[in-house]
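What follows is one structure encoded as structure tokens, with my remarks underneath.
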Amino acid sequence: MKLFIQFDKPLDYFLTEAKNGRQFEYTLNRKASVKDIIESFGIPHTEVGHISFNGMEIDFSFIPSSSGLLNVQCIEPPFNVMSPTFLRPFSLKRTRFLADVNVIKLGRLLIIMGFDVSYSSSLSDHEIADISETETRIILTRDTELLKRKKIIFAKRIKANYPYEQLVETIHFFGLEKQISFFSRCTKCNNKLVGVSKEKVIHLLEPKTKKFFDIFFQCPQCNNVFWKGSHFDNIKKKISSIGISIKH
């Protein structure tokens with residue numbers, strides 16, 4: 001049995017071979033789901049936004065039983081993970097991320113932007129998939145094979161090479177511009193910062209910090225103290241220079 005598969009152009013990034021006409025002939029000699037067929041071309045299911053077979057909308061579990069045209073479209077940004085779709089009927093209640101070892105610097109930048117991000121350099125692919133499922137986190141990674149795991153529903157295969165470019169890619173893809181809350185989380189443990197009086201933390205401050213700054217924030221978990229010093233201004237300028245607006 002032969003299928004004709006047509007991929008959306010943005011999915012070219014994953015294709016292992018290029019053919020003219022944007023249509024691939026695929027010989028199906030076994031019982032296989034659409035998910036398996038698509039991923040045999042190197043495209044993780046997490047990058048797919050819509051699938052149809054002979055014009056009929058289908059999901060990843062569909063098993064073709066006759067020849068026909070399989071049309072595979074990418075996810076169109078901005079991707080609202082809190083809005084249910086045919087392929088992902090169980091939407092997320094909030095936007096939370098899990099950054100793997102390949103994009104840890106991106107994870108830290110997202111925390112600076114105020115997003116809930118978990119990251120670790122020691123997690124296995126199996127553990128990443130489990131955490132994503134149990135904590136309903138969106139996986140951010142440069143590992144295409146990781147995203148072929150069935151239990152992973154929401155994810156983004158990061159294409160940019162450098163952390164600030166990756167930040168722009170992530171913010172724009174998920175439409176997060178209005179959710180930015182700059183400098184509101186602890187960069188060490190991801191908890192939300194709370195305002196604290198200078199008197200309460202003065203014993204933790206260096207002499208120059210005591211002299212020149214009066215407004216402080218503290219992490220309720222690790223007790224790290226933060227203030228809007230030169231590091232704050234430098235990061236803010238860098239963020240603005242790459243086209244991301246920080247209103248507060």
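The values are calculated or read from the model by the stated rules, or taken from the named source; none is laboratory data. Keep in mind the model is a prediction, meaning the values are calculated, not measured. Positions of Cβ are generated from backbone atoms using ideal geometry, with glycine treated the same way; all protein chains shown enter the neighbour counts. To get the accessible areas, we keep the full protein, side chains included, count just its heavy atoms, and leave off ligands, DNA and RNA. Shrake-Rupley method; radii C 1.70, N 1.55, O 1.52, S 1.80 Å.
List of remarks:
- Unmet criterion (only one of (1) at pLDDT 95 or above; (2) open to solvent by 70 Å² or more (accessible area, probe 1.4 Å); (3) of a type outside the set (A, V, I, L, M)) for F115: (2)
- Flag if L147 is touching a strand residue (DSSP E or B) at 6+ places or on another chain (Cβ under 8 Å) and under 22 Å from G243 (Cβ atoms): no
- When residues of the range 45-71 are limited to those that are open to solvent by less than 50 Å² (accessible area, probe 1.4 Å) and under 17 Å from K9 (Cβ atoms), the one nearest to the chain's Cα centre (by Cα): E47
- Considering only residues in the range 159-183 that are polar (S, T, N, Q) and surrounded by fewer than 17 Cβ atoms within 10 Å (Cβ to Cβ), the one that is nearest to I242 (Cα to Cα) turns out to be N161.
- N80 passes every criterion in (1) more than 20 Å from S181 (Cβ to Cβ); (2) out of contact with any Lys or Arg (no Cβ under 9 Å at 6 or more places or on another chain); (3) open to solvent by 40 Å² or more (accessible area, probe 1.4 Å) apart from (1).
So that you can scan it fast, the table gives a plain yes or no per residue for (1) within 19 Å of K150 (Cβ to Cβ); (2) at pLDDT 95 or above; (3) not basic (K, R):
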{"position": "F14", "(1), (2), (3)": "yes, no, yes"}
{"position": "T27", "(1), (2), (3)": "no, no, yes"}
{"position": "A32", "(1), (2), (3)": "yes, yes, yes"}
{"position": "G49", "(1), (2), (3)": "yes, yes, yes"}
{"position": "S61", "(1), (2), (3)": "yes, yes, yes"}
{"position": "N71", "(1), (2), (3)": "no, yes, yes"}
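- Selection within the range 136-152 - in contact with a Leu (Cβ under 9 Å, 6 or more places away or on another chain) and in a loop (DSSP other than H, G, I, E, B): T136, R137, I152
- Filtering L15, L69, L11, L106 for residues that are over 17 Å from I152 (Cα atoms) and touching a Pro at 6+ places or on another chain (Cβ under 8 Å) leaves a single hit, L106.
- Yes/no for V34 being more than 17 Å from the chain's Cα centre (by Cα), surrounded by 13 or more Cβ atoms within 10 Å (Cβ to Cβ) and free of Cβ contacts under 8 Å to residues at least 60 places away in the same chain: yes
- Within the range 184-209, the set of residues being in contact with a Lys or Arg (Cβ under 8 Å, 6 or more places away or on another chain) and either open to solvent by 60 Å² or more (accessible area, probe 1.4 Å) or polar (S, T, N, Q) (or both) comprises S184, T187, N191, K192, I202.
- Listed by position, the helices (runs of 4 or more DSSP H) contained in the range 159-248 that have at least 3 residues being hydroxyl-bearing (S, T, Y) are 230-241.
- The residues of the range 107-135 that are in contact with a Phe, Trp or Tyr (Cβ under 7 Å, 6 or more places away or on another chain) and assigned to a loop (DSSP other than H, G, I, E, B), listed by number, are M113, G114, F115.
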